[in-house]
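Undergrad: Quick one: the structure is below, and I'll ask about it shortly.
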Amino acid sequence: MQNHTNNNANNSVLELQTQLRQKKISAVELAQYYLDNISRSNLNAFIDVNAEATLNQAKQADILLQNMDNHQKMPLLGIPIAHKDVFVTKEWKSTAGSKMLENYYSPFNACVVEKLANSGMVCLGKTNMDEFAMGSSNENSAYGAVSNPWNNDYVSGGSSGGSAAAVAANLAPAATGTDTGGSIRQPASFCGISGIKPTYGSVSRYGMIAYASSLDQAGVMAKTAYDCALILQAMVTKDANDSTSIQHPKPEFLAKLNSNWQDGNDNQQPLKGLKIGLPKEFIGDIDSDVQNSINQSIQDLTKLGASVIDISLPRTKLSIPAYYVIAAAQASSNLSRFDGVRYGFRAENYSSLSDMYKKSRSLGFGEEVKKRIMVGAYVLSQGYYDAYYLKAQKIRRLIAMDFLEAFKQCDIILGPVAPTPAWQKGTYSKNPAHMYLADIFTLSASLAGLPCMSVPCGFKVQNNFKLPIGLQLIAPHFAESDILQIANVYQKNTDWL
Ligand code: GLN
């Protein structure tokens, strides 16, 4: 198998965990190392850092690390993590990439932030993102675009672009992200790291600034599938503060990570018996290097014992209009709370209450967000609701049923994450809506609420630089542990980390 190692396994969470256990490094030293990397970086991956708060958390971790029992009980103790700025935090600003929430401090921490802090992780700060998570390139952030660590003229992907760039450039060993229609998987693939979006409902949305509530789901981005499993394990929960959160029926993501598929005993073929479905709609109109990398990964997985069958997800194309109607509709409703009254940006000069609303919203939101609010209000309005929103919801149901049909024939679905690797900044500035088409391979799994992951599988080699390519794995509801197991076998047997 090809060898294209780019040393991503260095400074993995697993490796840092060993160094902390062996006392080769303290949590404070580790936090300081990343804070230094962040301050030297020119990627614009972070919106806020607060070194004092980070080091305080690290000091607490060091105290707990003195007791060896805690190493077993708290496997993430002392490991740093960056949080996407969509998760509210008390000690760091929470802007969601918007001017609307410039300098906003939340009175409480998001459930995800709280759970990871309780598991001993040290927060490094808040990562840049497309405004309110709307975008695929991080160019919609009010705080500027994030540069791709592989070539600074290229986009990091979005909306969790800051998190992806931070992990890829060693500014953090891991980061949280959110994925409404691809925002974990696509930036992970553009930056050459691993990222998983779990089944909708697995992780609480409490304290996650809402974009499209029926699709928004938190997940994790890290160098390896192993690291993702370790951290996701600490994130899943049923939370009384999120009525759509559920008790995950199979939350043991680490248990079978290192075993063969269905406990087979052929170590040359650890994936023997695995049936991979390749949707015919996921091949064809894509960059040739992306296609070649996917073909190569299929060969690699076949050598590892898996068999590949052709399947069809016939409504794939409809995922774009269905998603952009549903997401805009829910965004228009969620974002109505930003009225300049209780919190957030308020325009300075206004003549009446309605003038204050108008000016605050006109100046506080960016162009893409305003566009989606208007589209959303339109598709929900009387007379158009049935034609657009209801229709989109019906298509969503059909898309979900396509997956149920497909999973009768295979255990996992494989395909590209995006039709191309990262593009140059500004590519879509004249035609922002054309960027929506680049979401074609990520939207349908989101609409169906399925767990899905991106893992690095190759590069597009240009004259004097290369751009990473991601492989997407999609599993039935609650089968995160299958995705992570397959991704881990793939990463152990190839060098695409
Ligand atoms: N690119 C998609 C959008 O703009 C998905 C974003 C996301 O998953 N948050 O809505």
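Undergrad: If neighbour count is taken as other Cβ atoms inside 10 Å, put S141, S214 in order from fewest to most.
TA: If I rank by nearby Cβ atoms, fewest first, I get S214, S141.
Undergrad: Follow-up. Highest mean first, what order results for 292-301, 185-194, 34-43 on Cβ atoms within 10 Å?
TA: Answer by packing, highest mean first, reads 185-194, 292-301, 34-43.
Undergrad: Now for a different question. With +1 on each Lys and Arg Cβ and -1 on each Asp and Glu Cβ, and nothing else charged, work out how big the dipole of the chain is about its Cα centre, in Debye to the nearest 20.
TA: So the dipole magnitude of the chain works out to roughly 560 debye.
Undergrad: Same structure, new question: With labels modelled as points extended 7 Å from the Cα through the Cβ direction, what inter-label distance (nm, one decimal) is found for D69 paired with K24?
TA: Each label point lies 7 Å from its Cα, and together they span 2.8 nm.
Undergrad: Please give every one of the lysines within straight-line cross-link reach of K391, meaning a C-alpha to C-alpha distance under 22 Å, and leave out same-chain neighbours fewer than 8 residues apart.
TA: Within the straight-line limit of under 22 Å, K391 reaches these lysines: K317, K371.
Undergrad: What is the pair-distance distribution P(r) of region 18-173, computed from all Cα-Cα distances in 5 Å bins starting at 0, with each bin given as a whole percent?
TA: 2, 11, 19, 21, 19, 14, 8, 5, 2, 0
Undergrad: Under 5 Å between amide H atoms, partner at least 5 residues away or on a different chain: which partners does T127 have, H built in plane at 1.01 Å?
TA: Correct list: I47, H83, K84, D85.
Undergrad: Also, quick follow-up: Take peptides 425-432, 338-345, 409-416 and line them up by average Cβ neighbours within 10 Å, highest first, as a rough protection proxy.
TA: Going by the mean number of other Cβ atoms within 10 Å, highest first, we get 409-416, 338-345, 425-432.
Undergrad: Restricting the count to DSSP beta bridges whose residues both fall in the chain, what percent are antiparallel, rounded to a multiple of 5?
TA: 70
Undergrad: Give me H248, H83 ranked fewest to most by other Cβ atoms within 10 Å of their Cβ, as a rough exposure proxy.
TA: Ordered from fewest to most neighbouring Cβ atoms within 10 Å, H248, H83 come out as H248, H83.
Undergrad: Can you list the lysines whose alpha carbon is less than 29 Å from that of K238, not counting same-chain residues fewer than 8 positions off?
TA: K73, K84, K90, K93, K115, K126, K197, K223, K250, K256, K394, K408
Undergrad: How far apart, in nm, are the 7 Å Cα→Cβ label points at Y378 and Q268?
TA: 6.1
Undergrad: I need the phi-derived Karplus couplings for region 345-360: 6.51 cos²θ - 1.76 cosθ + 1.60, θ = phi - 60°, integer Hz, Gly and Pro marked x.
TA: 3J(HN,Hα) across region 345-360, in whole Hz: 5, 10, 4, 7, 10, 8, 9, 7, 4, 5, 5, 5, 4, 4, 5, 4.
Undergrad: With θ taken as phi - 60° and the coefficients 6.51, -1.76 and 1.60, list the Karplus ³J(HN,Hα) couplings across region 244-251 in order, rounded to whole Hz; mark glycine and proline as x.
TA: 9, 7, 9, 6, 5, x, 9, x
Undergrad: Same structure, new question: Would you mind checking which residues have amide H under 5 Å from G415's amide H? H placed 1.01 Å from N; only 5 or more apart, or other chain.
TA: Sorted by chain and number, the residues that satisfy this are Q472.
Undergrad: When W150, W496 are ordered from fewest to most other Cβ atoms inside 10 Å of their Cβ, what list results?
TA: Placing the least packed residue first, the sequence is W150, W496.
Quick note: the coordinates plus some simple rules give every number you see, no bench work behind them. These numbers were taken from a predicted model, which means no experiment stands behind them. Methodologically, a virtual Cβ is constructed for each residue, glycine included, from the backbone with ideal geometry; neighbour enumeration extends over all protein chains shown.
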